[in-house]
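Participant: Sharing a structure here in C-alpha cells format.
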Amino acid sequence: MKAFYTDHFVLPLPAKHRFPMAKYRMVREQIATLSGLTLLEAPSVSDDQLLLVHDRQYLNDVVHGTLSAAAEREIGFPWTPGMVERSRRSVGATVAAARLALTDGVSANLAGGTHHAYRNKGSGFCVFNDAVVAARVMQQEQKLERVAIIDLDVHQGNGTASIVRDDPSIFSLSLHGEKNFPFRKEPSDLDVGLADGCNDVQYLEALDAALTQLKKRFTPDLIIYLAGADPHEADRLGRLNLTFDGLLARDQRVFEFARDCDVGVAITMAGGYGTDINNTVRVHVQTIEQALAHWQHRQAPA
C-alpha cells in the first residue's frame, strides 16, 4: 500500500495554526515502520487539473498572491508561497492516491480532505477541493463514470456539496455534526446531521443506514474517503463522543463497503483538533492501519 505525505512543505505559521499542522509529521513518523506501507513524497497538481473544478480567477489569485484580505480571512491563514506549494501538493497527493486506488485497491494521502473549498473561494483552512479535483481527474484520465465521496469529517463538506450539486456523476455523502461548522450547510446528495454528544452506537447506526442508502442510489467506480479524526470525544471542535473503538469500527465499515462494491478507495486525513494532539494522531494512525489491513486482504490469494 502507498501513502503520500506533504509535511516537508509546511512553512512556519502563526502559533494558532501550528498544532493542527504538526499532526501530519507525527502521523508520518508513526506509520513509517508499518510492514507493507510505502511512503512517497506528494506530487504537485497542475493548473489544468485544478481548473477542472476551480474558477480561473480564483486560481490566479491564489498562485500570484492577489487574494483580498477578506478572502485570506475566510481561508483562515495568510498567503505565502509555501501555502501555495503545500496546497498544490495536498491536492496532488489525493489525485495520486485515487490513481493508485484503481490498481492497488487502496491508497492514502496523509493530508487532504479540504472539503470547505468552493469553486471560486477557499474557506475553513481549505484552499483547493482535493476530493472533487481527484474525482474529475480520474473521470478525465481513467474514463471513470461515477465517484462517491464519503465524507466522515465532523464538519459538513459544504464546498464539495456546492461544487458537485448539479453533477450526477459524483455522489457526495456527508455525516457530520448538525450544529457544528459550517453553520450554513450546502445540500449534499446525502446529508446525515448528528446531534451534539452522539456516541459510538448512534454514529455507527447512522453510518450503516447512510451506506445502505448510498448503495441503493449509486454504483461507484471509485470511493474517496475523508477520514476525519474530529468526531473523537476529546476533539476541541468536534462536539461528538466517539471513542477510539468507535472510530475504528467506522473505518472498518467504509473498507467493508468498498470491498462489497469491489472498488478502490482513496483516503484523505481531513480534520482533527484534539485537546491532546496524540489522540488526533492515534485516530489517523489507526485509519492507516485499517487501510493496510484492507489492502493485505485484497492481496491474499482467493
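Bear in mind these aren't lab numbers, they're just calculated from the coordinates by the rules spelled out. Remember, it's a predicted structure, so these values are computed and weren't measured experimentally. Don't worry about glycine lacking a Cβ; one is built from the backbone with ideal geometry, like all the others, and counts go over all protein chains shown.
Participant: For all pairs of alpha-carbon atoms in the range 175-277, what percent lies in each bin of width 10 Å, listed from the first bin to the last filled one?
Facilitator: The calculated distribution, bin by bin, is 14, 47, 33, 5.
Participant: Follow-up question, since we're still on this one. Where the Cα atoms of the chain are projected onto their three principal axes, how long is each span, largest first, in whole Å?
Facilitator: 53, 42, 40
Participant: Can I ask one more? For the range 78-149, run through the trypsin sites (Lys or Arg not before Pro) and keep only the ones in DSSP coil with at most 11 other Cβ atoms within 10 Å of their Cβ.
Facilitator: Details: sites: R86, R88, R89, R99, R119, K121, R136, K143, R146; in loops: R119, K121, K143, R146.
Sparse-neighbourhood loop trypsin sites (Lys or Arg not before Pro): K143.
Participant: Which of the pairs K2/K179; K2/K143; K121/K179; K2/K215 have their Cα atoms more than 29 Å apart in this structure?
Facilitator: Pairs exceeding 29 Å: K2/K179.
Participant: Compute, for the chain, the length of the dipole vector about the Cα centre, with Cβ point charges of +1 (Lys, Arg) and -1 (Asp, Glu) only. Units Debye, rounded to 20.
Facilitator: Around 400 debye, computed over the chain.
Participant: Treat the count of other C-beta atoms within 10 Å as a stand-in for reagent exposure and order L110, L34, L207 from fewest to most.
Facilitator: The most exposed by this proxy come first: L34, L207, L110.
Participant: Tell me, in nm to one decimal, what length is gained between L39 and D167 on full extension, where the rule is 0.36 nm per residue of separation less the Cα-Cα distance?
Facilitator: 42.8 nm
Participant: Now for a different question. Can you put W79, W295 in order, fewest other beta carbons within 10 Å first? Provide the component values of the computation, followed by the final result.
Facilitator: Values: W79 18, W295 21.
Starting with the residue having the fewest Cβ neighbours, the order is W79, W295.
Participant: Can you give me the long-range amide H partners of S123? Hydrogens built in the peptide plane at 1.01 Å from N, cutoff under 5 Å, separation of 5 or more residues or another chain.
Facilitator: A117, Y118
Participant: On to the next question. For K216 and E141, calculate 0.36 nm times their separation in residues minus their Cα-Cα distance, and state this gained length in nm to one decimal. Please report the intermediate quantities before stating the final value.
Facilitator: Details: separation 75, 0.36 × 75 = 27.00 nm, distance 2.69 nm.
24.3 nm is the gain from fully extending K216 to E141.
Participant: Using the Kyte-Doolittle scale, which helices in the chain average at least -1.0 and also have C-alpha atoms spread 30 Å or more along the helix axis, with helices defined as whole DSSP H runs? Please list the in-between numbers first.
Facilitator: Values: long enough: 81-104 (34 Å, 0.03); 277-299 (33 Å, -0.71).
Flagged H segments are 81-104, 277-299.
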